[in-house]
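As structure tokens, the structure follows; a few thoughts come after it.
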Amino acid sequence: MATSRIRRSAAAVLTMTAVATTVLVGQAVADEDRPATATAPATASDTEAATATAPASASAAPAHAPADTADASARSGRVPRIAAAWHSAWTGEDPNALAGLFTKDGTLVDLSVPYTSHGREEIAEFKAITERLIPDADLEITDAFRSGDRVVIRTDYSGTLPGASRSFKVQMATVLELRHGKIAVNTDYYDRATMLRQSGLPADWRPPTQR
């Protein structure tokens with residue numbers, strides 16, 4: 001009789017264990033199938049909003065994102081928004097679009113020409129001069145990042161200089177210093193000697209506006 005009761009008790013324990021395991025496994029499966037709860041984005045200041053937020057994972061990226069464009073990169077978090085806006089303005093046709101990204105007393109410095117523009121009016125004029133001198137000028141962003149109020153943009157700068165027998169393509173680095181989300185200082189760095197050598201022009205070549 002004692003042995004029979006022990007066997008029945010053991011069987012009952014095994015049955016309860018099996019039931020509990022089934023319930024736990026079912027709950028785990030249900031949890032996996034349940035959609036994740038969206039997390040509300042943190043509030044950012046106007047200055048901080050100038051930088052795109054990187055997606056939490058690769059699955060958060062759009063399924064059919066535009067290929068390798070500055071604007072698409074900004075949306076996916078690879079390029080700060082101000083860098084994408086700067087690129088769009090430089091490759092666009094409206095000089096005022098570039099000037100509008102700057103503070104009223106903003107400065108654009110091209111160390112390789114060399115040329116310095118002060119204020120939005122002069123910056124718009126510099127953009128217009130560049131378009132006239134190099135109608136096929138183009139910039140392709142290869143990398144960009146932001147740290148606080150400084151943005152570094154690396155580009156492939158290409159085009160054809162006046163009187164050149166060949167086009168050029170050089171690497172350029174641009175450093176933006178921001179103030180309240182606007183560009184206070186834009187400094188461009190590239191190798192002028194390489195540009196002229198690729199263009200088939202003499203080392204002492206100067207833009208027509210500087211002759």
Practice item. Mind listing the long-range amide H neighbours of Tyr115? Cut-off is under 5 Å, sequence gap 5 or more, other chains count too, H placed in the peptide plane at 1.01 Å from N. Key: Asp110
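Sorted by average packing, counted as other Cβ atoms within 10 angstrom per residue and highest first, what order do 137-147, 100-110 take?
My ranking of the peptides, most packed first, is 100-110, 137-147.
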Check your understanding: So which lysines can Lys182 reach, going by Cα to Cα under 19 Å and dropping same-chain residues fewer than 8 places off?
Key -> Lys104, Lys127
Check your understanding: Percent of accessible area on the range 139-188 owned by carbon and sulfur, 1.4 Å probe?
Key -> 45
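If you count only protein heavy atoms with a 1.4 Å probe, what accessible area per residue comes out for the range 127-193, rounded to a whole Å²? Could the numbers behind the result be given before it?
Numbers: 3420 Å² over 67 residues.
Per residue, the range 127-193 has 51 Å² of solvent-accessible surface.
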Revision key, fill the gap. The ³J(HN,Hα) series, computed from each phi in the range 144-161 with the Karplus coefficients 6.51, -1.76 and 1.60 at θ = phi - 60°, rounded to the nearest Hz and given as x for glycine or proline, is 6, 8, 10, 9, x, 9, 10, 10, 10, 10, 9, 9, 9, 9, 9, x, 10, 6
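Relative to the present Cα-Cα distance, how much length would full extension add between Asp204 and Arg166 at 0.36 nm per residue of separation? Before the final figure, lay out each step's value.
Details: separation 38, 0.36 × 38 = 13.68 nm, distance 1.69 nm.
Taking Asp204 through Arg166 to full extension adds about 12.0 nm, to one decimal.
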Point to revise | Full-stretch length increase - Asp105, His118 - with 0.36 nm per residue and alpha-carbon distance subtracted | key: 4.0 nm
Practice item. Would you tally the net charge around Thr107, using a Cβ to Cβ cut-off of less than 13 Å, leaving Thr107 out, and scoring K and R as +1, D and E as -1? Key: -2
Review point. Which ³J(HN,Hα) values, rounded to whole Hz and listed in residue order, are derived for the range 88-95 from phi using the Karplus coefficients 6.51, -1.76 and 1.60 in 6.51 cos²θ - 1.76 cosθ + 1.60 with θ = phi - 60°, glycine and proline given as x?
Key: 4, 5, 5, 8, x, 9, 9, x
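The values are calculated or read from the model by the stated rules, or taken from the named source; none is laboratory data. Here the structure is a predicted model, which means the values were calculated and not measured. Neighbour counts run over all protein chains shown; Cβ positions are idealised from the backbone, glycine included. SASA here: full protein model, heavy atoms, side chains in, ligands and nucleic acids out. Shrake-Rupley method; radii C 1.70, N 1.55, O 1.52, S 1.80 Å.
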